[in-house]
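Have a look at the structure below before the remarks.
Please treat every number below as a calculation from the coordinates, not as lab data. Please read these numbers as outputs of a predicted model, since none were measured by experiment. Note that each Cβ is placed from the backbone with ideal geometry, even for glycine, and that neighbours are counted across all protein chains shown.
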Amino acid sequence: MKSLILTSVLCSGVCHATPVNKVVKVMDGNLSTCSSKQDVFRNKLQSYRVKSYKAKQQSGSVELTINIQMLECKETDKGFAFKEKNIFDLFSYRTFRNEEVSVITKSANLHFYKDGSYKSLSKVAIKDYSKESSITVNFDIQDLLTKEELRKYLDGQAVTTSFDFNLNRKVEISNDEISDEYNQSYGGFRIFLEVK
């Protein structure tokens, strides 16, 4: 697998909260590649993809379940490829000076916010220790809608709304010379939902 189109994986929903056929990768573009040594370095702190998601509406709220995977770009005997990793697995990368740096994930979360206003909707900690992390979050429908959209929704009309999320990860990097902690923010996705 030499490249990933990160927007194409968000494609299904259930019940009345259903995705519209428009899901957009935001902030950092649509494509992560793993086809050269430059890509290995560019993705030294890994990439992530949304493997699947589902949304369902239940009496005034929307429940969203997202499954994400971390991907490490590696050189193999057949070339370059992404390899699935657990978000909490210890990993390392080499600097331009060919020094090895170890990376430990201290914590990670998905941050959800309203498209356009950037109002924070929720932050959900990732705790899974498997290759695919599953995150479930509930939203009050009125928090997802503007005043005009809420009026239409309360009048019984179907309303299309959107919100964004992105991955945030607190990492510790270290080698013989350095030891430091910082927050790494990854690109975001925008999900369009129809509620009625």
So which of Lys51/Lys131; Lys54/Lys152; Lys51/Lys127; Lys85/Lys123 end up more than 19 Å apart, counting from Cα to Cα?
-> Lys54/Lys152; Lys85/Lys123
All other residues with a Cβ under 13 Å from the Cβ of Ile173 taken together, and with Lys, Arg as +1 and Asp, Glu as -1, what is their net charge?
-> -2
What distance in nm separates the simple spin-label points at Glu63 and Ser102, each placed 7 Å from Cα in the Cβ direction?
-> 4.1 nm
In order over segment 74-85: 3J(HN,Hα) from phi, Karplus 6.51/-1.76/1.60, θ = phi - 60°, whole Hz, x for each Gly or Pro, gives 9, 8, 10, 5, 9, x, 10, 7, 7, 10, 5, 9
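Note down the net charge around Lys114, summing +1 for each Lys or Arg and -1 for each Asp or Glu among other residues with Cβ under 10 Å from its Cβ.
Overall, the nearby charge balance is -2.
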When the Karplus curve 6.51 cos²θ - 1.76 cosθ + 1.60 is applied with θ = phi - 60°, which whole-Hz ³J(HN,Hα) does each residue of segment 90-102 get, with x for Gly and Pro?
-> 5, 9, 9, 9, 10, 7, 4, 8, 6, 8, 8, 10, 8
5 angstrom amide H check on Phe88, placed H, neighbours 5+ away = none
For segment 87-142, what is the convex hull volume of its Cα atoms per residue in Å³?
-> 124 Å³
Projected convex hull area of segment 111-196, Cα atoms, direction-averaged, in nm², equals 7.3 nm²
15 Å beta-carbon shell around Leu154, net charge (K/R +1, D/E -1) | -1
How high is the FRET efficiency between Asp155 and Glu84 when r is their beta carbon distance and R₀ equals 41 Å, given to the nearest 0.05?
-> 0.35
